[in-house]
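First up is the structure itself, then whatever we jot down about it.
The values are calculated or read from the model by the stated rules, or taken from the named source; none is laboratory data. The structure presented is a predicted model; accordingly, all values stated were derived computationally and were not measured. Reconstructed Cβ throughout: ideal geometry from the backbone, glycine too, with neighbour counts over all protein chains shown. To get the accessible areas, we keep the full protein, side chains included, count just its heavy atoms, and leave off ligands, DNA and RNA. Shrake-Rupley method; radii C 1.70, N 1.55, O 1.52, S 1.80 Å.
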Amino acid sequence: MTLVLQTNIAGRLAVWLVDGGRIIIARRKAIVWHSSDKALALVDRTIRQAKRSLREVHKIVVVRGPGPFTAVRTGLIIANTLGMLLKIPVRGVVTKHQLSNADVLRDVRVKAGLGKIVKPWYGKSPNISTPKNTSRQAKERWAR
């Protein structure tokens, strides 16, 4: 069975369980901004609702970006951690769109490497700005 996780769409989480070339269950959850921490609970509920066990998962596919920084990182942390704990391969895919069931079925067919960490893909360089506090003391701290 393959677990597919998408956290890179703002305001949405999605989890699929795929087995034998068919989708067993697909769950989507609308979330408020900065609520990607609900992803692990959604994975757990989805597996329980399908009356399956986490031990039955033999591969994980996770969307690695682009998308909101925290949401992308949360999805990757969940996927990489479960991959290491269960000793199963994790594969990252890149898309800025919500995955369809056809996308999920296509992506689970591609092999993934065991023990490889999936890294985020943000689609652009980081935008790091100076602090908003314009006080002289803050500017001096920033310059150090």
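For this structure, a couple of remarks:
- Accessible surface of the range 1-49, 1.4 Å probe, proportion on carbon and sulfur as whole %: 51
- Taken per residue, the accessible surface of the chain reaches 62 Å², heavy atoms only and a 1.4 Å probe.
- The Cα center of the range 1-29 and the Cα center of the range 45-89 differ in position by 9 Å.
- The antiparallel fraction among DSSP beta bridges confined to the chain stands at about 60%.
- Taking 18 Å as the straight-line reach from the Cα of LYS87, the lysines in range (excluding those fewer than 8 positions away in the same chain) are LYS59, LYS111, LYS116, LYS119.
- Considered as an equivalent ellipsoid built on the Cα gyration tensor, the chain has semi-axes of 33, 16, 14 Å, the largest given first.
- Where trypsin sites (Lys or Arg not before Pro) fall in DSSP loop in the range 1-67, at most 15 other Cβ within 10 Å: LYS51
- Compactness check for the range 1-77: Cα Rg over 2.2 N^0.38 Å is 1.04.
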